[in-house]
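No lab work stands behind these numbers, since they all come straight from the coordinates. Just so it is clear, the structure is predicted and the values come from calculations on it, not from any experiment. Cβ coordinates were reconstructed from backbone atoms using ideal geometry, including for glycine residues, and neighbour counts include every protein chain displayed.
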């Protein structure tokens with residue numbers, strides 16, 4: 001028992017790193033994903049093509065490769081090369097990657113709204129932006145809650161990838177202790193934490209779905 | 001007074017010409033019914049009026065203001081987006097599929113555009129919206145979501161929503177075609193009421209009884225052209241064109 005208590009100090013530090021990665025990535029990548037999805041459906045071909053290419057790159061390469069690239073290779077790029085501290089590099093890679101996935105979820109949601117909704121907005125004198133903001137996006141939010149929930153739960157566990165930058169998140173901390181003490185308890189603690197986090201998120205998203213159930217379509 | 005003037009409207013979908021030079025004038029307070037087989041271009045014509053469809057050629061004038069016209073080379077030019085929007089919201093539209101906003105209650109559906117587009121304050125528009133709901137007989141439904149309403153009720157809300165923008169012209173695109181037969185009556189009643197109040201109305205419809213009874217002018221369209229037009233009396237009792245005769249016969 002005493003042993004567990006001494007483990008908890010560094011484990012909680014690891015939890016803190018994991019939670020920071022999770023929340024900062026989520027808060028930045030959701031709005032960025034929404035913006036990207038709007039650019040993706042833009043009628044200006046160069047813009048939508050650019051975003052399409054971006055999404056292809058982000059979904060077509062491993063997140064771990066992107067992490068390594070931002071941390072090790074970005075500083076070597078001529079002119080724009082900057083050396084980021086490990087935490088900022090990790091956040092940048094995660095936000096860029098998750099925004100691409102969220103963009104595709106939002107795009108699916110936007111394109112699932114019937115054309116009649118746009119037409120109703122238009123004949124009532126609304127601009128495209130007003131129609132989007134007041135008519136289309138509120139309905140999109142309801143439809144994308146399940147896939148966003150899925151992606152968010154994946155993010156909790158993906159944060160463990162930052163071990164490649166030697167950052168002490170929950171899982172890396174656990175492994176360090178296991179290797180030092182020859183005791184598997186830290187793995188169990190880590191598993192319990194990830195499960196608890198998923199439970200909380202599932203609850204939050206269920207509440208959101210309930211709230212949106214106020215209207216049917 | 002001329003509310004609407006169309007001259008030589010042409011419209012193509014890819015290579016299919018759906019409107020082949022339509023000209024039409026509608027005066028204030030007139031109720032015009034457009035009838036014809038499906039694919040005749042009647043809905044497209046209506047949708048061209050408020051630029052849900054863009055015309056390829058011709059002139060559209062709404063209440064004396066030009067929406068689209070031809071330049072010297074005969075190419076169709078629309079006025080600026082801002083101007084076009086101002087011209088078009090003088091026309092209310094009711095769709096076959098209602099197109100109510102499902103995430104808003106009935107009352108919010110009605111007040112949204114006046115508040116957002118015209119900047120009318122909520123405490124001013126709410127009583128007006130409630131008045132409109134009473135008029136279409138749905139005041140007690142004001143806090144319901146559209147999914148709780150029958151088709152006929154939805155369409156009456158859609159009419160109230162369009163009227164809340166205080167349009168000068170109302171366009172109806174087959175307003176009863178998606179309804180169960182026993183629900184068409186309540187919608188037609190609301191439209192009849194509007195006609196009695198001298199609203200200028202253009203109604204694309206398959207309801208021959210309604211066209212005969214309420215319209216002052218009936219237009220028969222087929223294959224992208226106006227084949228024949230006249231009073232309901234002339235069109236229904238004494239059609240001149242063989243295509244009109246054949247169509248009316250098939251409707252019986």
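What to note about this one:
- In degrees, nearest ten, helix B:242-251 long axis to first principal axis of chain B (Cα): 40
- Short-range pairs are left out: with C-alpha atoms under 8 Å and at least six residues apart, the relative contact order of segment B:2-251 is 26 percent.
- Its relative contact order, with pairs defined as Cα atoms under 8 Å and 6+ residues apart, puts segment A:1-214 at 28 percent.
- Shielding by partners for peptide B:144-151, expressed as the average number of C-beta atoms from other protein chains within 10 Å of each residue's C-beta, is 2.
- Ranking of B:139, B:220, B:13 by neighbouring Cβ atoms within 10 Å, starting from the fewest: B:13, B:139, B:220.
- Prolate/oblate/rounded label for segment B:50-108 (Cα gyration tensor, a/c 1.5): prolate
- Take each residue of peptide B:87-94, count the partner chain Cβ atoms within 10 Å of its Cβ, and average: the result is 3.
- Antiparallel content of DSSP bridges confined to the protein assembly as shown, in %, to 5: 60
- The Rg/Rh ratio of chain A, with both radii computed over alpha carbons and Rh defined as the Kirkwood radius, is 1.06.
- Diffusion constant of chain B at 25 °C, which comes from Stokes-Einstein with the Kirkwood Cα-pair radius and 0.890 mPa s, µm²/s: 130
- Rounded, prolate or oblate (a/c below 1.5 giving rounded, otherwise prolate when a/b exceeds b/c) for the protein assembly as shown by Cα gyration tensor: prolate
- Sorting B:170, A:1, B:115 by the number of Cβ atoms found within 10 Å of their own Cβ, with the fewest placed first, yields A:1, B:115, B:170.
- Value at 222 nm in deg cm²/dmol, rounded to 500, when DSSP H runs of n ≥ 4 in the protein assembly as shown each add -39,500 (n - 2.57): -17500 deg cm²/dmol
- Helix A:137-158 axis, angle to chain A major axis (alpha carbon atoms, nearest 10°): 20
- Antiparallel beta bridges, as assigned by DSSP with both residues in segment B:2-251, represent about 60 percent of the total such bridges.
- Residue order for B:222, B:56, fewest other beta carbons within 10 angstrom first, comes to B:56, B:222.
- q = 0.12, 0.14, 0.20 Å⁻¹: log10 I(q)/I(0) that the Debye formula gives for segment A:16-129, counting C-alpha atoms only: -0.54, -0.68, -1.11
- With a 10 Å cut-off around each Cβ of A:121-134, the average count of Cβ atoms from other chains is 6.
- Angle in degrees between helix B:151-163 and the longest Cα principal axis of chain B, rounded to the nearest 10: 90
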